[in-house]
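Here's the structure, in structure tokens; my notes come after.
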Amino acid sequence: MVRAAIGLVVVLAACGGPPDATPTPEPRPSVAADVRDRAQQAMDAFFAAMADPEVTYRVIGQLRAGVEDADGRPDVLVNTYFDVKGGEYAGGLDIHLRDPTVGGGFTVAVLDGTAHLISGFDTLESMDAPDSLHRPTSVQGLTAGDLVPLGMNEEGLFEFAVTPWLGGDPLGQWVDLGAVPEGPLPPRTELRWHDSRLFLDESGVPQRLEHSWMFAVEGEDAPVSGTIVEDFEGLGMYVTLAVPDDALGFLTPTSHDVAGEPWRAVDPEGGTARLDVTFPLPAQPVMLGIEGAIFFVSSHDADGELILDAILGHGDGAIEIPVGSQTLVAYYRTCNGGCARLDAPRELCEIDADIEEGRQYRLRVEINERNRAACALVEAR
């Protein structure tokens with residue numbers, strides 16, 4: 001919950017040293033030809049992945065600003081966790097200031113140009129997404145002219161200098177969003193300088209984005225400096241972002257982790273057919289999981305290769321399946337505390353099938369016990 005900050009002193013005014021304390025940028029090293037060529041290939045793959053309008057991934061970030069105390073705690077510490085789908089995202093943030101009565105934990109979503117802020121079960125703000133926001137989707141707007149290859153680091157990642165500033169207003173954004181009142185943080189700051197680095201692996205998958213920055217504070221002589229470090233994971237993971245009819249819960253994205261790794265669908269290649277799946281209610285109720293369960297359908301070809309792994313969610317649904325001879329498996333995963341985390345798969349039933357392209361089929365899964373069901377597959381007429 002946001003609490004008033006009556007009488008709170010702005011601690012950032014004296015941060016960052018004198019106003020002319022702009023550091024000398026590190027020299028740009030020359031890049032060996034073989035590294036430069038591989039870096040170019042990684043960059044091309046990165047742009048191809050980011051061009052997908054439905055690209056999905058996760059960004060775990062930390063913002064640090066101001067002076068650190070004896071324990072290494074800065075004036076401002078913000079931890080963020082967002083799942084991204086295309087240009088939209090949702091997740092959580094924790095704001096820690098010197099005064100513990102200000103800030104706290106929030107859930108945030110930016111959907112269809114609207115920013116939503118929630119604390120507990122109370123929606124605090126819904127507004128046009130402020131321009132000041134530092135968005136976890138910022139890497140999607142980069143172009144080839146924005147990146148300067150710097151070589152390869154000790155982790156074997158290709159390092160690029162990022163010429164445009166992607167960080168928004170690191171401090172004023174929380175005031176604009178409504179997470180912190182004016183006073184504890186300055187509502188408006190102005191960029192003095194920044195040094196931003198993007199790290200890609202050999203396949204062009206983003207691994208980390210780092211910003212060091214200094215901002216002038218309106219009405220103050222001394223600037224404030226800080227860092228933003230964001231780690232990327234789960235490129236291609238399953239993410240859905242939507243606003244349902246009820247107002248609760250939509251600010252948390254629908255995504256699932258299995259054994260600590262984001263779940264990814266396996267889509268069919270080549271021709272497909274439609275499969276409608278139903279889970280009729282049994283005569284005697286069966287509790288699959290205390291916190292709930294998520295249903296899936298997978299398929300293996302004659303060689304045992306996984307050619308499909310599709311999610312149905314909490315019940316009936318329709319999916320696209322590959323053609324040819326295969327074994328369809330209906331299974332579920334129980335929710336581990338919440339459906340953002342899932343347990344190991346529990347098979348319900350399997351059935352052999354010979355699927356023809358363009359046809360429509362129905363799979364009926366009659367659940368008898370937690371790990372036993374009867375599968376019936378028919379072609380729809």
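The values are calculated or read from the model by the stated rules, or taken from the named source; none is laboratory data. Just so we're clear, the structure is a prediction, and the values are computed from it rather than from any experiment. Ideal geometry is used to build each Cβ from the backbone, glycine not excepted, and the neighbour counts take in all protein chains shown.
Quick notes on this structure:
- Remark: Val102 falls outside the filter, which requires a residue to be within 19 Å of Thr227 (Cβ to Cβ), buried (at least 18 other Cβ atoms within 10 Å of the Cβ) and hydrophobic (A, V, I, L, M, F, W, C).
- Annotation note: of Gly92, Gly72, Gly87, the sole residue that is in the same structural domain as Asp128 (by TED's automatic domain parsing), in contact with a Pro (Cβ under 9 Å, 6 or more places away or on another chain) and among the small types (Gly, Ala, Ser) is Gly87.
- Number of positions in segment 128-156 that are surrounded by 12 or more Cβ atoms within 10 Å (Cβ to Cβ), over 21 Å from the mean Cα position of the chain (by Cα) and of a type in the set (A, V, I, L, M, F, W, C): 4
- For Gln140: the one exception among (1) modelled with pLDDT of 95 or more; (2) within 19 Å of Gln41 (Cα to Cα); (3) not in a helix (DSSP H, G or I): (3)
- Yes/no for Trp165 being in the same structural domain as Ala42 (by TED's automatic domain parsing), surrounded by fewer than 16 Cβ atoms within 10 Å (Cβ to Cβ), under 21 Å from Glu68 (Cβ atoms) and of a type outside the set (Lys, Arg): no
- Each residue in segment 93-103 was checked for being at pLDDT below 90 and in a strand (DSSP E or B), and 1 of them qualify.
- Members of segment 170-218 found to be touching an Asp or Glu at 6+ places or on another chain (Cβ under 9 Å), assigned to a loop (DSSP other than H, G, I, E, B), at pLDDT below 95 and surrounded by fewer than 23 Cβ atoms within 10 Å (Cβ to Cβ), listed by number: Gly178, Pro186, Pro187, Arg188, Glu218
- Qualifying residues in segment 292-329 (those that are within 25 Å of the chain's Cα centre (by Cα) and aliphatic (A, V, I, L, M)) - the one surrounded by the most Cβ atoms within 10 Å (Cβ to Cβ): Leu308
- Residue list for segment 110-129, restricted to those being in a strand (DSSP E or B) and at pLDDT below 90: His116, Leu117, Ile118, Ser119, Asp122, Thr123, Leu124, Glu125, Ser126
- When Glu320, Glu356 are checked against the criterion of being touching a residue at least 40 places away in the same chain (Cβ under 8 Å), of a type in the set (Asp, Glu) and in contact with a Pro (Cβ under 8 Å, 6 or more places away or on another chain), a single residue qualifies: Glu320.
- Residue count for segment 219-235, restricted to those that are under 20 Å from Thr137 (Cβ atoms), touching a Lys or Arg at 6+ places or on another chain (Cβ under 8 Å) and assigned to a loop (DSSP other than H, G, I, E, B): 1
- Residue count for segment 251-282, restricted to those that are more than 21 Å from Arg346 (Cα to Cα) and of a type in the set (A, V, I, L, M): 2
- Candidates Asp343, Asp354 - the one that is farther than 23 Å from Val258 by Cα and surrounded by fewer than 19 Cβ atoms within 10 Å (Cβ to Cβ): Asp354
- Some residue of segment 232-240 being under 30 Å from Leu209 (Cβ atoms), at pLDDT 95 or above and in contact with a Leu (Cβ under 8 Å, 6 or more places away or on another chain): yes
- Verdict on Glu269 being under 30 Å from Val110 (Cβ atoms), assigned by TED's automatic domain parsing to the domain that holds Glu357, surrounded by fewer than 15 Cβ atoms within 10 Å (Cβ to Cβ) and among the charged types (D, E, K, R): no
- The strands (runs of 3 or more DSSP E) located wholly in segment 262-346 that include 2 or more residues which are under 18 Å from Asn368 (Cβ atoms) occupy 272-278, 293-301, 324-334.
- Pro18 falls short of the stated requirement of being farther than 14 Å from Ser225 by Cβ, assigned to a loop (DSSP other than H, G, I, E, B) and at pLDDT below 85.
- Flag if Gly145 is of a type in the set (Gly, Ala, Ser) and either in contact with a His (Cβ under 6 Å, 6 or more places away or on another chain) or part of a strand (DSSP E or B) (or both): no
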